[in-house]
1. Which entry in (i) 1.42; (ii) 1.14; (iii) 1.10 is this structure's computed Cα Rg over 2.2 N^0.38 Å?
2. What nm value, rounded to one decimal, do you get for the distance between Leu62 and Met30 when each label is placed 7 Å out toward the C-beta?
3. Could you pull out every whole DSSP H run in the chain that spans at least 30 Å of Cα extent along its own axis and averages 1.0 or higher on the Kyte-Doolittle scale?
4. How do the peptides 62-73, 27-38, 45-56, 12-23 rank, highest first, by the average count of neighbouring beta carbon atoms within 10 Å per residue?
5. Share of the chain's accessible area from carbon and sulfur, percent, 1.4 Å?
Amino acid sequence: MEFIIFYLLIINVISFSMMGLDKHYAINDMLRIPERHLFLIGYIGGALGLWLGLKKFRHKSLKKKFSYGLPVLSIINISAVAVLFTIFYR
């Protein structure tokens, strides 16, 4: 179970950093991180980090698929973790 907590911590730090990095790239007119890569990291557990990055860096907050999709994806991620906890700690 400790592995899952460690994994979620690392993946969310990475996803939060990716939002900040993509914002930096956008400001400096550099090659951007594709949206599908951002959503992919969200699907594998980093949705909360992406959502916090959206709020902190004000990045992609006008895009509906991010402003509505990331909170929903975060709820799905949290629900999946809750199910894992109930399975392992019954």
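The values are calculated or read from the model by the stated rules, or taken from the named source; none is laboratory data. None of these values were measured; they are calculated from a predicted model. Cβ placement follows ideal geometry from the backbone for every residue including glycine, while neighbour counts extend to all protein chains displayed. Remember, those area values only see protein heavy atoms, side chains included, never the ligands or the DNA or RNA. Shrake-Rupley method; radii C 1.70, N 1.55, O 1.52, S 1.80 Å.
1. This structure yields the entry labelled (ii).
2. Between Leu62 and Met30, the label points sit 2.3 nm apart.
3. Both cut-offs are met by 2-27.
4. Details: 62-73: 14.3, 27-38: 11.2, 45-56: 21.8, 12-23: 18.5.
Highest-to-lowest ranking by the protection proxy: 45-56, 12-23, 62-73, 27-38.
5. Numbers: 4400 of 6190 Å².
About 71 percent, which is the carbon plus sulfur part of the accessible surface.
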